[in-house]
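Read through the structure below, which is laid out as structure tokens, and then see the notes.
The values are calculated or read from the model by the stated rules, or taken from the named source; none is laboratory data. Worth saying up front: this structure is predicted, and the values here are computed from it rather than measured. Here the Cβ positions follow ideal geometry from the backbone for every residue, glycine too, while neighbour counts run over all protein chains shown. Note: accessible area is taken over every heavy atom of the protein model, side chains too, but ligands, DNA and RNA are not part of it. Shrake-Rupley method; radii C 1.70, N 1.55, O 1.52, S 1.80 Å.
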Amino acid sequence: MFTFVLLTVLSAGCTNISIRTVVEIDAPKEQVYAVLADLDSYPKWNPYHRKVEGTFEEGAKLKIHVSRPDGKEVEVPPHMMRIVENEEITWGGGIKGIFYGVHTFRLQPGGNGKTVLRHNEDFSGVAVGFADLPPDVIAEGYHQMNMALKALVESKK
């Protein structure tokens with residue numbers, strides 16, 4: 001498992017936070033995708049995105065209940081931006097230049113029928129520096145989710 005956090009403060013006053021996590025799952029990407037695409041099942045296995053309300057279709061508004069590792073409970077209202085079956089799920093939103101976030105799950109084939117999940121988030125805009133977005137806490141939440149997903153999918157083999 002690899003986690004990378006990049007915090008950049010640009011001279012123009014815009015802050016960017018990028019969180020990169022990677023996990024290899026011993027299952028084909030169709031199985032991993034099926035779990036990620038089943039938003040209703042998140043409360044059963046996902047320790048970070050405790051509940052996702054909304055329809056699994058591009059453009060749909062979502063309401064995501066986040067349980068951060070530091071104990072804070074947060075609700076975020078993104079929309080589904082991109083769905084590529086068995087390859088990508090992306091949600092996000094906000095106002096570009098002010099506060100904008102893009103959360104992506106990318107599935108890539110690994111060796112021997114395994115799947116590499118790249119679970120990433122990018123925040124940008126002048127208000128990001130003022131938001132309660134501790135990169136280490138968010139990265140730990142993604143790590144916890146990745147490990148729970150890995151355990152669930154691999155237990156179904």
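Which one is farthest from Glu85 (Cα to Cα) among residues in the range 136-145 that are open to solvent by less than 20 Å² (accessible area, probe 1.4 Å) and either in a strand (DSSP E or B) or out of contact with any strand residue (DSSP E or B) (no Cβ under 6 Å at 6 or more places or on another chain) (or both)? Filtering the range 136-145 for residues that are open to solvent by less than 20 Å² (accessible area, probe 1.4 Å) and either in a strand (DSSP E or B) or out of contact with any strand residue (DSSP E or B) (no Cβ under 6 Å at 6 or more places or on another chain) (or both), the one farthest from Glu85 (Cα to Cα) comes out as Gly141. Val74: among the aliphatic types (A, V, I, L, M), under 25 Å from Thr15 (Cβ atoms), free of Cβ contacts under 8 Å to residues at least 60 places away in the same chain and in a strand (DSSP E or B), yes or no? Yes, satisfied. With respect to the conditions (1) open to solvent by 40 Å² or more (accessible area, probe 1.4 Å); (2) among the small types (Gly, Ala, Ser); (3) in contact (Cβ under 8 Å) with a residue 12 or more places away in the chain, Ala148 lacks only one, and its number is (1). In the range 103-135, the residue that is modelled with the lowest pLDDT out of those that are out of contact with any helix residue (DSSP H, G or I) (no Cβ under 9 Å at 6 or more places or on another chain), open to solvent by 40 Å² or more (accessible area, probe 1.4 Å) and assigned to a strand (DSSP E or B) is Asp122.
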